[in-house]
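The values are calculated or read from the model by the stated rules, or taken from the named source; none is laboratory data. What you see is a predicted model; the values in this text were computed from it and never measured. All Cβ positions, even for glycine, are placed from backbone atoms using ideal geometry, and neighbour counts span all protein chains on display. Side chains are part of the model used for accessible areas, which takes the heavy atoms of the whole protein and leaves out ligands, DNA and RNA. Shrake-Rupley method; radii C 1.70, N 1.55, O 1.52, S 1.80 Å.
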Amino acid sequence: MNRRIRGKINSGEVGAIDDNGVKCECVITDEGNDILEIKSIATVPEYQGKGYARALIEFIVNNYREQYAILQVGTGDSPLTIPFYEKCGFVRSHIISNFFTDNYDHPIYESGIQLVDMVYLQRPL
Ligand SMILES: CC(C)(COP(=O)(O)OP(=O)(O)OC[C@H]1O[C@@H](n2cnc3c(N)ncnc32)[C@H](O)[C@@H]1OP(=O)(O)O)[C@@H](O)C(=O)NCCC(=O)NCCS
């Protein structure tokens, strides 16, 4: 399994797990104040539940722990994402109220639940 950080995209970098082809990717951004943020993490659907996203997060933790104090993610209040982040050691830190209702012109549902607030979770690096 090949774990890597590659290239810069705007102000972020792309982290990837390549295991006979890329299985999981995310964007990593510097949010200031010693905070690193993971955005848009996604595992190829047929390879979900096999530990790829957890492996990518652990790689990011190990790779950046000298440079940042906190690893952060923002997500909707969804049963598809919050339990995953909690299993990966993140705890809820704060919310941006009405983020999804204010920033999208249509309601967004996940697992039948309308996303309203942006929920931030953090773990120490
Ligand atoms: C969320 C996502 C990235 C997880 O990737 P993954 O490679 O399947 O995750 P892993 O296999 O590494 O799972 C790590 C742990 O979280 C658990 N987990 C994953 N999704 C879960 C869920 N919806 N509910 C409960 N636990 C979950 C796994 O069971 C595993 O626990 P374990 O190690 O105790 O067995 C993947 O489901 C995905 O790509 N979803 C679509 C895109 C998305 O929603 N991204 C998040 C943007 S905020």
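At a glance:
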| item | result |
| --- | --- |
| Near pairs, Cβ below 8 angstrom, 6+ apart or cross-chain, from the range 31-49 (touching a residue at least 12 places away in the same chain (Cβ under 8 Å)) to any residue that is more than 7 Å from the ligand (Cβ to nearest atom) and part of a helix (DSSP H, G or I) | Leu36/Ile60; Leu36/Tyr64; Ile38/Ile57; Ile38/Ile60; Ile41/Leu56; Ile41/Ile57 |
| Lone unmet requirement of (1) closer than 28 Å to Ser111 by Cβ; (2) in contact (Cβ under 8 Å) with a residue 60 or more places away in the chain; (3) open to solvent by 40 Å² or more (accessible area, probe 1.4 Å) for Pro83 | (2) |
| Strands (runs of 3 or more DSSP E) completely within the range 1-111 that count 2 or more residues being near the ligand (Cβ under 8 Å from one of its atoms) and in contact with a strand residue (DSSP E or B) (Cβ under 6 Å, 6 or more places away or on another chain) | 22-32, 35-43, 70-76 |
| Cross-chain or 6+ apart pairs with Cβ under 6 Å, the range 4-17 first and farther than 21 Å from Gly51 by Cα, then exposed (fewer than 11 other Cβ atoms within 10 Å of the Cβ) and at pLDDT 70 or above | none |
| Checklist (1) touching a strand residue (DSSP E or B) at 6+ places or on another chain (Cβ under 6 Å); (2) within 18 Å of Val73 (Cα to Cα); (3) open to solvent by 70 Å² or more (accessible area, probe 1.4 Å) applied to Arg123, failing item | (3) |
| Matching residues, the range 20-50, being open to solvent by less than 40 Å² (accessible area, probe 1.4 Å) and within 16 Å of the chain's Cα centre (by Cα) | Lys23, Cys24, Cys26, Ile28, Thr29, Ile35, Leu36, Glu37, Ile38, Ile41, Thr43 |
| Which numbered condition Gln48 misses (of (1) at pLDDT 95 or above; (2) more than 28 Å from Gln114 (Cα to Cα)) | (2) |
